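Data first, discussion second: the structure below is written as structure tokens.
The values are calculated or read from the model by the stated rules, or taken from the named source; none is laboratory data. What you see is a predicted model, and the numbers here were worked out from it, not measured in a lab. Using ideal geometry, Cβ is built from the backbone for each residue, glycine included, and neighbour counts are taken over all protein chains shown.
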């Protein structure tokens, strides 16, 4: 029986009721279809696909067309799951009109909302996109698109001044109209402070246990992405190692002639096999 897609209002109700939900990052049809069969209610099609899927060093080279391609795959796999489409780098920073247009393209591709990285510098853009009728999820703390300006992939908000800035940005983004906020790589006490200050759901990604929701990447949870494992990741499987073992097992069967066996082969009448041609 198909499940009913959760709504923005229901997600916000979780915050008011003190309940939680989970958001997982996936990029393709098979993964999305598995999420659809699970208890996870929200999918993020993130620009982290640049590192996880495309093998890049950062999310910066990812363009909107990449997001749209993977978003369509995910939507086909999870038609009844709430899907967040990530706004790629430079798809919303140039001007408000372009931001609205590009956010609209993500909704047309199947997203239920868009996610935008940034704080005070994007408040006016967020307002414009929300006024256009497009739901926006915010994202502050470690913002991978601008990680270079933040000193790399490091914990943010550790000093009092930096923590105050993030709190101010969270409040400004809520006033601008975001319906939820991702907090990535910040100290747990700051995450608790921001969560208690805001009335909208806070989604933690390395931001402590007080958030309304938690977000992790499926490839991290399953132990498939092996280049690095962030401190905040909890792995629940080592499928990457199992995949390698399966590949090696099949390769061994090919080398010994065990594959393909008769059961893998198609048959025909021997008299229908053509004679070798004469040259």
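Going through the range 237-279 one residue at a time, which ones are closer than 30 Å to residue 24 by Cα and surrounded by 11 or more Cβ atoms within 10 Å (Cβ to Cβ)? Walk me through how you get there before you give the answer.
Looking only at the range 237-279, we keep the residues that are closer than 30 Å to residue 24 by Cα, and these are 237-248.
Across the range 237-279, the qualifying residues are 237, 238, 239, 240, 241, 242, 243, 244, 246.
Go through (1) under 16 Å from residue 115 (Cβ atoms); (2) free of Cβ contacts under 8 Å to residues at least 40 places away in the same chain one by one and return the number of the condition residue 207 breaks. Among (1) under 16 Å from residue 115 (Cβ atoms); (2) free of Cβ contacts under 8 Å to residues at least 40 places away in the same chain, residue 207 violates only (2).
Only helices (runs of 4 or more DSSP H) whose full extent lies in the range 26-82 are considered here, and the ones with at least 1 residues that are on the phi < 0 side of the Ramachandran plot, surrounded by fewer than 19 Cβ atoms within 10 Å (Cβ to Cβ) and in the same structural domain as residue 221 (by TED's automatic domain parsing) are 29-36, 64-77.
Listed here are the residues, each with its yes/no results for (1) more than 25 Å from residue 85 (Cα to Cα); (2) free of Cβ contacts under 8 Å to residues at least 24 places away in the same chain.
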residue: 172; (1), (2): no, no
residue: 185; (1), (2): no, no
residue: 190; (1), (2): yes, no
residue: 213; (1), (2): no, no
residue: 222; (1), (2): no, yes
residue: 242; (1), (2): yes, yes
residue: 254; (1), (2): yes, yes
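The residue that is surrounded by the fewest Cβ atoms within 10 Å (Cβ to Cβ), among those in the range 16-25 that are out of contact with any helix residue (DSSP H, G or I) (no Cβ under 7 Å at 6 or more places or on another chain) and closer than 24 Å to residue 233 by Cβ, is 19. Among the conditions (1) outside the structural domain of residue 130 (by TED's automatic domain parsing); (2) surrounded by 13 or more Cβ atoms within 10 Å (Cβ to Cβ), residue 218 misses just one, which is (1).
Residues of the range 114-127 being touching a residue at least 12 places away in the same chain (Cβ under 8 Å), surrounded by fewer than 21 Cβ atoms within 10 Å (Cβ to Cβ) and not in a loop (DSSP other than H, G, I, E, B), which ones?
Restricting attention to the range 114-127, the residues satisfying the condition of being touching a residue at least 12 places away in the same chain (Cβ under 8 Å) are 114-120, 122-127.
Checking which are surrounded by fewer than 21 Cβ atoms within 10 Å (Cβ to Cβ) leaves us with 118-120, 123-124, 127.
Residues satisfying the conditions are 120, 123, 124, 127.
Contact map, the range 90-105: first residue assigned by TED's automatic domain parsing to the domain that holds residue 119 and over 13 Å from residue 132 (Cβ atoms), second residue modelled with pLDDT of 95 or more and assigned to a helix (DSSP H, G or I), Cβ cut-off under 7 Å, separation 6 or more or different chains; pairs are 91/64; 91/102. Scanning the range 23-71 for residues being under 22 Å from residue 4 (Cβ atoms) and free of Cβ contacts under 8 Å to residues at least 60 places away in the same chain gives a total of 12.
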